[in-house]
Structures are given as structure tokens and as C-alpha cells.
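The structure under discussion appears below in the form of C-alpha cells.
Since every read-out is calculated from the coordinates, none of them should be taken as a lab result. Given the structure is predicted, the values throughout are model-derived calculations rather than measurements. Positions of Cβ are generated from backbone atoms using ideal geometry, with glycine treated the same way; all protein chains shown enter the neighbour counts.
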Amino acid sequence: MSLIGLMGLLVAFAGVVVSVVCLAAGAMLARKKSAVAETLSWGGHVAAILTAVALTLCCGILVYCFFAGDYTIEYVLRQHSDSSSELAWLYKLSGLWAGREGSLLFWAWLISLFNAVVAVRNMRQLHRLDSMALLVSQVVLGAFVGVLLFSESNMPFTATPAKYFNLDGSLTMAASTLGMNALLEHWAMAIHPPTLFVGYAGLTIPFAFAIGALVVNDPSREWVIRSQRYALFSWLFLGIGIGLGAVWAYVVLGWGGYWGWDPVENASLLSWLVGVALIHSFTVYRQRGAFKRWSVMCACLTFAFVIVGTFISRSGLVQSVHAFEGDLVSLVLFGALIVVSVLAGIVGLAVRWKSFGPGEGGEDDMESMASREAAYYFNNVIMVVVAFLLAYLTIASALPSWLPFGGQQVSTGTYDAIGRPLGVIYLAILAVCPLLSWGKTQGSAFLKRAKVPGICAAVLFVGLMVYFVTYLVPVYNDNVAYYTALAAEGDANAAEMLTTYAPSWYYLGLTVVGLAVASVLFFNALFMIARGVAAYAKAKDVGRVKAFFGMMVNRASTFGGCLAHFGMAVILVGLIGSSMYVTERVGYVGYDQKTDTATNDFTIQDFTLKYQANEVVADENGSDIFYRVFFDVYKGDQFVGTVDPTVQLVQTTQQQKLLASVVSFAEEDLFVVYRGMTADDEFSMDVRVNPLIAEVWVGFFLLMAGATVSTLGRRGASRKRTVAETGENPQAGEGGETSRESKAAEAPEAPEAREAPEASEAVTVPDTKAEPLAEPPTPPAEPPTEPQAAPQVPSDSESRA
């Protein structure tokens, strides 16, 4: 199987080379009107499809070996799962992307699939823009396949050394200790990496179209129309992947949080942040013919930050529990890709500065700071600045000490101190944006739009302030008192925690501002949907319920955007509670083995944990042992449930896994972790109360739902605007001929099929500088930790860390 896999990689690399050569030659000969140009270009498309087939075979071989228990490939031996749970099949499948070599192969395969989709759609009628974009994305794919094939540390088909097999072919004792990290055997972690990789791979396409548009000198909306669906789809999956990673961290890692500012966590966030700027730039480009340079640079930066994330996790320059062991090839290759992708955008824009600049009407210029363009502009600036700042802080430990934060591990408190105010400012701009008009906003129009949502937001804000005063402020005061007492006893971690709570006027004031912003954002998004439904109902002469679903389908871009903003408001409230007002207490429950009773209860806020029982059990195959403790939970005098926090010990690797137990309420979670039995016969406990964490999950679901609606709905909207706004016939071929499909598309719509402009959008001025384009629009992992001998209790300082 190892040899077959190697042959598959060779075929894939050959396919990439042939594709790049044919596409490049076809592009050069097309300028000379050569008859063979189209044949070469067509051959490049076919080679791209065959590359995807070859990489599919490579992935299939690894998957087969995981399910068949064929350990002749070393990667399969090191990443296989021995789980006997109901999800064992999922863990076997996830072995494909669990390690360094397999995850890179999986990523390359996904890029090849996206390239194949572009190739298939363009083969119907070859066009310069699509062919150039395919050429760029194939070059990127070639870099990935080249690393897989020529880098020993990244080769997924290395044969298993003979030392791991006995003479009868069975595995040796040393080999039996190898396998997937037990922490990865969770449904969220099995799905988290592939969703991230789908996002990473898909963001190659907008980058490729941006560079392609620069090369062919096409500043029209066409490259945006072709790539925006890929951008939304990829950003959506990237967001889902980040969310699943947060769920996994919260449920599995046992520290009670969902985001720890780890370098690899930050790496996935970088491209997502710039992706927000990219999507908003595409909106202005598509609606107004403006932000052309912004769109190109955001496409390049989004891709560059994807590679930055890979560089962080694979280069070895930055230390992380989630990172792979560094290697020189990854350091050089991905470092070069970062530089090339950014330089390509900068140089390309420098050459095409005039054609990608403002049109005769000065579309890129803001008529007024009180305009929707200004809001989008500052949205982009904040997202890009935050991404660069986050990237700098993430790699700061690898930088020279004379630079700010150079040579230091940046603390979570520092990240929070920078990220919180910037996040509130960004969401404040997002909250005001629906109230603004394109071009210039008249004061009377602004007040008219803001009046009713503002009143509703004020009512919600009052309710949130009641919660703030009666619950959050007392929690803040209790936490300050608790850490002050520990700091007085010499606890360094407690002293550091105190610095994050000071000064109180700023900490509490930022909370108040954040809750106010969330209130405004919540109702502005809600009323924007309401205004859109009313406009749709009037235009179509239908009822409000039918108009609501009609808007969801036919105005999906606006509806999805409003729903996403609605979700962000809910997330902001959740983040304030679950990250700024968490109560954590570390303590012990004495245990009398003779009577099987506890000598004391565990109390936190108004919760009391009363000991009931404990057990030590093995799983079905005897490979894991579970140390479990049962507590009844009371809130005040009311029984609210039972928790069973557990320590899992993986026998083969002696790896310890903390399984938290959670009692969830609408307004908070009680998060209980058992760390093991001390030498003094005490249960070591780490218990947290996480306020408003349910709002984080609900808001994230709404955000992703909005992105999904926008992704599914942009295809039709983009095609209609292409013809109606620019006057171009995007279906015409190079000779100006039109296919039967395009002629049908040019036929006038029936009156009932025509759609009124969206309530939130102004009529777009045609892009007078755009050259007519004779092209049809194309619609758009963690390594094992060090083994531990047995469940042991860390010191208080270690448990806090």
C-alpha cells in the first residue's frame, strides 16, 4: 500500500506540472491568437481534474488502511485509534487528518477538489480570467504536493520500520503503545480539523481570482462574482471549525474555558478575521463598483494568513501544545508562500493601480464619514489591524528581544486587554452601519431609522444593566477579594489575575459599553430584517409571513447578513459574561474510605456539591481506566442535578484525560473537574461558574446560520446584477457569440419574476471603467502529549496555569 500511495503522489505532482505548463503556455499563446492556445488551456483543465483524482486515490489508501488495520504504513500505525465506542468509525476516519503528514495530504486534496470544480465549470467555455485563476491555484497546489513528495518528514506513505513487527507479522509491544492521542477521540475534534481545512483550501480560490484579475487587467465585478461564493463558503466552514474547536476545548480539555489564546488557536482566527473584511469589501465592490483595491488586497491577505497559520503550527518557531514538531522544509516553503502571496498583491496593484482605482465617478472616495462606505472602510481597517496585531503577538516569542514583547510568551491577560476594546469598537461600527446610506446619510434619515430600534435597544439595555448590577458586579467584587487574599499568601498566579481586573472603573465601564453596543446591534439587525420584509411584502403584494420566507430565499444576502449581525450581538453578551465574570474555585473534599463519606462539601457562589459515591471502572476492552466521583448539586436549597467528573487513564500510553461534568442553565454553567485523589485522601476539585456561556453557543449558531443563508443565496443575486447593473452580457464568448443558455437568460423576465431593490441597498451606478468581459460567470490537529504515570494532582499554581 505504501508503494501505491507513493505512485499516487507522483501522478498528482505530474498532473500539477502538466496543468501549470499547459495553462501558462495557453495564456501566452492566446495573446498571439494562436490556434493551439485553446487546446493547451483545455489540456491544463483536464490535468487539474486528473490531479484531484490522483490525490483522492492517495487519501483513499490511507482511509482503507485505517479501517482495515493495515499498519504497513508508519503514519497509520502512529495515528490509528483503538477506541471501541460507537464513534470508533469516526475516529478511524479522523486518523487521515490527525497527524502532520495526513493533514497536509488532506489539505492538498481539498485544494485539488476546489480547483477541479473551477476547471469543470470553465471547460464549458474557456475564459481567460478563470483559466488564469486556475493556473494560480494549481501553482499553490504544486507547492503542497511537492512538500508531500520530496520532504521526508511530510511523506504520508513511509513504510513502517521492521522493528515494529514480530516475526509472525504481529505488532511488537513498542508498536502497541503508538496511536491517536486520546484527547482527539471526541466527535467535535474529529470534525473540527476537516472543517478548518475546507475553509483554508477554499480561500485559495478568491486569492487566485484576485491575482488572475490583475494579470488579465480586468477590474470589473466579474472576478468578485466568480469568487464570492467560494469566499463565503470557505469563511463559513472556517467559522464552524473554530466553533467546534471551542466546543472541544470546553468539553474535553477540562480547564473550563473555550478559548485560551494558544498560538495554534490564534492561527485559525487570523484568516477568519481578514475574511470578514474580504466579504464586506466584496459587498461594496459588487454593489457600488468601489473598494477594488481593498478587495484584491483582502483576498491576498486572507490567503497569506491561512499560510501564516500553517507556518505557526508546522515551522517549530512557536511553541504550542497543539503544534507539530518543526521541520526546515515547512519553515522555508510556507514562509516563502506568505511572502509571495503578499508581494503578488502589492506588485499587481502597483502595476494595475489606475485600472483598479476609482472610476470616473470616484466610487472609492467617501462622500461623507456618515456613510455606509465609511463604515465598511473602518470595518476593514479594524479587522486587518487586529489580524496583524494578533499575528505579531502570536509569533512574539520567536522575535528578537529588542522588539516589543520579543522573546516573550504573551499572556492571556494581554490578549484580552487588547482584544476586548477593539472588539467593542468594531461591533459599534457594525451596529451603526444599517442606519447609514450609501454616499451620504442625511441627519433626518438617520434619526428616522434609529428612532424605534433605539427605543427598543434602550429597554433591552436597562434589563441588561439590572443583571449587571445584581449579578456581574457582585461576582467581580468576590473575585477581586478572592485573588487579593491568595496574592497576599504569595500566589503569583493570583497576583497576575488581579492585574487583569484593574482598574475597576475601566473593567466595569467596558462591560457597560459592551452591553450598550450589543443592545443597539441586536435591534438594528432585527429591524433591518423587519424593514426588508415590509419592502418585500409591498413589492410582491404578499403577506408578512410569506414575505419573510421570500426575503430569506430571494434576498438571502441581506437576510443572512442581518441574521449574522443579530448573532454577533448575542455572542457579545455571552463573551462579556463567560470571559470577564467567571468564578473559579480550586479546593479539596476530604474523604473517609472506611465509611465512604466526605468530611466536607464544596461550595461556590450559591452552589453546593455534596459527595455521593466514587468508582473505578475499566472500559470494554480494558485499555482505559476511569476514576469517577459523583456529587449531588444544590442551588441554594434546591436540588438541580448530579455531576460525575472523571479522570480517564489510557493504559497503553499512561495518558491522563480530565472529563468535566457540566450542569447547564439558561444564564450560566456549573463546570466541575475532578483532578484525582491526593496523598491525604482528598478529592482535588476545580469548579467554575461560567455566566452567559449559552449565549455564546446560541449566538455562534445564529452567526453561522446567517453565513449559510448568504452563501446559498448569493448565486442568483450576483448573476442578475451582472447584467442589470453593468449592461454586460457575461455569457458572451471571446468572439462575441452567445450560447443558447445566455440568450435565454437575456430574455425579459415576466413581471412577477422581477424583484424590487432590497430595502437596504441603493441603486448601483454601472461600472463605467469596467471593460466588457466576454465570459460567463461561474457561480459561485494535535500531537500526542507526554505520557503520565497515573492520575496525579498538580499543585495549586499548576492547576491555575
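Taking a cut-off of 26 Å between Cα atoms, list the lysines near residue 32, but don't count ones fewer than 8 places away on the same chain.
Output for residue 32: 354, 769.
Provide the FRET efficiency to the nearest 0.05 for the residue 681-residue 28 pair, computing r from the beta carbons and using R0 = 60 Å.
Numbers: r = 79 Å, r/R0 = 1.32.
With a Förster radius of 60 Å, E is 0.15.
Between the DSSP loop rule and a limit of at most 10 other Cβ atoms within 10 Å, which GluC sites (Glu not before Pro) in region 352-450 are left?
Details: sites: 360, 363, 367, 373; in loops: 360, 363, 367.
Those that pass, being in a loop and sparsely packed, are 360.
If packing is taken as the average count of other Cβ atoms within 10 Å, what order do 637-644, 98-105, 448-455, 530-537 fall into, highest mean first?
98-105, 530-537, 448-455, 637-644
Which Cα, out of 65, 115, 42, lies furthest along the positive dipole direction of region 1-166 (beta carbon charges, K/R +1, D/E -1)?
42
So, counting K/R as plus one and D/E as minus one, what does the shell of residues with Cβ under 14 Å around residue 300 add up to? Display every interim value, and only then the final one.
Numbers: positive: 292, 293, 352; negative: none.
In short, +3.
When the Cα centres of region 649-715 and region 445-494 are compared, how far apart do they sit, in Å?
If you average the Cα positions of each part, the centres end up 23 Å apart.
For the chain, what is the charge dipole size about the Cα centre, in debye to the nearest 20, if Lys and Arg each add +1 at the Cβ and Asp and Glu each add -1 at the Cβ?
Numbers: 50 positive and 66 negative charges, 771 e Å.
Dipole about the Cα centre, nearest 20: 3700 debye.
Among 162, 413, 225, whose Cα sits farthest toward the positive end of the charge dipole of the chain (+1 at Cβ of Lys/Arg, -1 at Cβ of Asp/Glu, about the Cα centre)?
225
Looking at (i) 148, 94, 40; (ii) 92, 78, 57; (iii) 91, 60, 54, which value of Cα extents along the principal axes in Å comes from a calculation on the structure shown?
(ii)
How much length is gained if the chain between residue 642 and residue 502 is pulled fully straight, taking 0.36 nm per residue apart and subtracting their Cα-Cα distance, in nm to one decimal? Numbers along the way, then the final one.
Working: separation 140, 0.36 × 140 = 50.40 nm, distance 3.62 nm.
Net length gain for the segment: 46.8 nm.
Between residue 606 and residue 336, how many nm apart are label points set 7 Å from Cα along the C-beta direction?
The two pseudo-label positions are separated by 6.4 nm.
Using all Cα-Cα distances in region 585-711, what percent lands in each 5 angstrom bin from 0 up to the longest?
Values per bin, smallest distances first: 2, 10, 17, 19, 15, 12, 10, 7, 4, 2, 1, 0, 0.
So what's the net charge close to residue 464: Lys and Arg +1, Asp and Glu -1, counting the other residues with Cβ under 14 Å from its Cβ?
On the way: positive: none; negative: 667, 695.
The answer is -2.
Quick check: residue separation of residue 159 and residue 409 times 0.36 nm, minus the Cα distance between them. What number comes out in nm? Could you put the intermediate results ahead of the total?
Numbers: separation 250, 0.36 × 250 = 90.00 nm, distance 3.82 nm.
That works out to 86.2 nm of additional length.
Quick one: which of 594/635; 292/540; 448/538; 635/657 span more than 23 angstrom between C-alpha atoms? Kindly include the intermediate steps, with their values, before the conclusion.
Values: 594/635 29 Å; 292/540 34 Å; 448/538 20 Å; 635/657 28 Å.
Too far apart for the 23 Å limit: 594/635; 292/540; 635/657.
When only Cα pairs under 8 Å and 6 or more residues apart are kept, what is the percent relative contact order across region 1-138?
Relative contact order for region 1-138 comes out at 29 percent.
Looking at 252, 499, 357, which one has the Cα that reaches farthest to the positive end of the dipole of the chain (charges on Cβ: Lys, Arg +1; Asp, Glu -1)?
357
Select from region 620-701 those GluC sites (Glu not before Pro) which occupy a DSSP coil region and have at most 15 other Cβ atoms within 10 Å, ordered by residue number. Spell out each step's value before the answer.
Values: sites: 620, 667, 668, 682, 695; in loops: 620, 667.
Here the GluC sites (Glu not before Pro) that fit, given the DSSP loop and packing criteria, are 620, 667.
How large is the dipole of region 87-218 about the Cα centre if only Lys and Arg carry +1 and Asp and Glu carry -1, each at its Cβ, rounded to the nearest 20 debye? List each step's numbers first, then the result.
Details: 6 positive and 6 negative charges, 43 e Å.
With only Lys, Arg, Asp and Glu charged at Cβ, the dipole is about 200 debye.
For region 440-575, what is the largest minus smallest coordinate of the Cα atoms on each principal axis, given in angstrom and ordered from greatest to least?
If we take the Cα atoms of region 440-575, the spans are 72, 31, 29 Å.
Can you give the log10 of the normalised intensity I(q)/I(0) at q = 0.09, 0.16, 0.17 Å⁻¹, computed with Debye over equal Cα scatterers of region 1-155?
Each listed q corresponds, in turn, to -0.34, -0.81, -0.88.
Extending each Cα 7 Å along its Cβ direction at residue 389 and residue 152, get the distance between those two points in nm, one decimal.
4.5
With r defined as the distance between the Cβ atoms of residue 399 and residue 541 and R0 fixed at 60 Å, what FRET efficiency is calculated, to the nearest 0.05? Display every interim value, and only then the final one.
Working: r = 63 Å, r/R0 = 1.05.
FRET efficiency, residue 399 to residue 541: 0.45.
Just flag the trypsin sites (Lys or Arg not before Pro) in region 602-703 sitting in loop per DSSP whose Cβ has no more than 12 other Cβ atoms within 10 Å. List each step's numbers first, then the result.
On the way: sites: 610, 628, 635, 657, 675, 688; in loops: none.
Passing sites in region 602-703 do not exist.
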